[in-house]
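Take a look at the structure below.
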Amino acid sequence: MTLKQGAVAVVTGGARGIGLAVVEALLTNGVRVACLDRPDADFTAVQAAASHHGVRCARLGADVRDQDAVRRAVHTATDLGLVRYAVNCAGVDGLQPSDQVTGEAWKRVIDIDLDGVFFSCQAEHEAMRGGPGSIVNIASMSGHIVNRGTDPHVAYGAAKAGVIHLSKGLGVEWAPQGVRVNSVSPGYVHTELTAHNAPEVNATFTRQTPMARMARVEEVAAPVLFLLGTGAAFITATDLRVDGGFTAW
Ligand SMILES: NC(=O)c1ccc[n+]([C@@H]2O[C@H](COP(=O)([O-])OP(=O)(O)OC[C@H]3O[C@@H](n4cnc5c(N)ncnc54)[C@H](O)[C@@H]3O)[C@@H](O)[C@H]2O)c1
């Protein structure tokens, strides 16, 4: 994997979890990072990582549901240099049986997990000024399969299936400009999103995974960096499952 040192990457949802692991991996490779997260997010870990690596970094507070706010925030990332990379990690879950899902709850998940990814891609593509560039959207294996052993989350699954197809569509649309767009579909990963699960729920997930464990965030960040870099120069409009074999079973 080769990334261009000094180039700029926009990472949404980068303040913690998978996004933070992506931020750290990019900084390790000398890529400047514009980390976009909710206005009230705690950017301390991002700032500490940037200082540790001595690489320039910007903190952008914006809600990915707000198309104009995202465009304005991503535009400021160009102060760091030319935007070549983007990774869209911002997301939320919503576990509830379907007959209890209110319109508001449904809309929140779709707005953040699907519309938010589209608005981010739009703004990032604009900031790439005609390319070349590479965008990776974090989908989920829940966009491929229906999870067992947990409360249903149809809005989440529908949004993530949408992200997989959105990435394909944009990958094809922007291919002539050299802007590649792919998605990564993680299985179960140790983050704050899964930390609130009852221990027996995570134990069930582990049993259901052929590799018999959940992933570490670094194990998602590494394939993301591969897709961003020159090693993936001929890969676009595809989805990479990082699920320990879950969806093969
Ligand atoms: N953890 C898992 O097991 C798992 C599995 C598959 C896919 N994913 C996906 O990976 C991505 C990252 O998940 P994670 O586990 O690191 O979660 P996380 O909750 O640790 O991090 C999510 C980040 O997104 C940010 N965010 C949420 N809503 C936002 C909004 N409206 N605007 C801007 N930022 C917002 C949060 O502030 C947070 O920093 C999500 O898209 C999630 O669906 C996670």
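The values are calculated or read from the model by the stated rules, or taken from the named source; none is laboratory data. Keep in mind the model is a prediction, meaning the values are calculated, not measured. A quick note on method: Cβ atoms are made from the backbone with ideal geometry, for glycine too, and the neighbour counts reach across all protein chains shown.
Let's see how each residue does on (1) surrounded by 15 or more Cβ atoms within 10 Å (Cβ to Cβ); (2) of a type in the set (Ser, Thr, Tyr); (3) within 16 Å of the ligand (Cβ to nearest atom):
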| residue | (1), (2), (3) |
| --- | --- |
| 39 | no, no, yes |
| 46 | yes, no, yes |
| 57 | yes, no, yes |
| 64 | yes, no, yes |
| 72 | no, no, yes |
| 84 | yes, no, no |
| 87 | yes, no, yes |
| 109 | yes, no, yes |
| 114 | yes, no, yes |
Counted residues, the range 2-56 - those being part of a loop (DSSP other than H, G, I, E, B) and not β-branched (Val, Ile, Thr) | 19
Taking first residues from the range 166-189 that are of a type in the set (Lys, Arg) and second residues anywhere that are buried (at least 24 other Cβ atoms within 10 Å of the Cβ), the pairs with Cβ under 6 Å that are 6 or more apart or on different chains are 180/134
Does any residue of the range 8-25 turn out to be near the ligand (Cβ under 10 Å from one of its atoms), touching a strand residue (DSSP E or B) at 6+ places or on another chain (Cβ under 9 Å), of a type in the set (Gly, Ala, Ser) and farther than 22 Å from residue 226 by Cβ?
-> yes
Single residue of 139, 161 found to be under 24 Å from residue 107 (Cβ atoms), crowded, with 23+ Cβ neighbours inside 10 Å and touching a residue at least 12 places away in the same chain (Cβ under 8 Å) = 139
Scan (1) within 15 Å of residue 237 (Cβ to Cβ); (2) out of contact with any Leu (no Cβ under 7 Å at 6 or more places or on another chain); (3) more than 14 Å from the ligand (Cβ to nearest atom); (4) not charged (D, E, K, R) for the single condition residue 134 breaks and write down its number.
-> (2)
Qualifying residue in the range 172-183 (condition: under 23 Å from residue 18 (Cα atoms), away from the ligand (no atom under 15 Å from the Cβ), among the basic types (Lys, Arg) and at pLDDT 95 or above) | yes
Could you tell me whether any residue of the range 93-104 is within 14 Å of the ligand (Cβ to nearest atom), buried (at least 24 other Cβ atoms within 10 Å of the Cβ), within 24 Å of residue 196 (Cα to Cα) and under 15 Å from the mean Cα position of the chain (by Cα)?
-> no
Helices (runs of 4 or more DSSP H) contained in the range 189-249 and holding at least 3 residues surrounded by 15 or more Cβ atoms within 10 Å (Cβ to Cβ) = 199-208, 218-228
Per the list (1) over 21 Å from residue 64 (Cβ atoms); (2) in contact (Cβ under 8 Å) with a residue 12 or more places away in the chain, residue check on residue 147 breaks on (2)
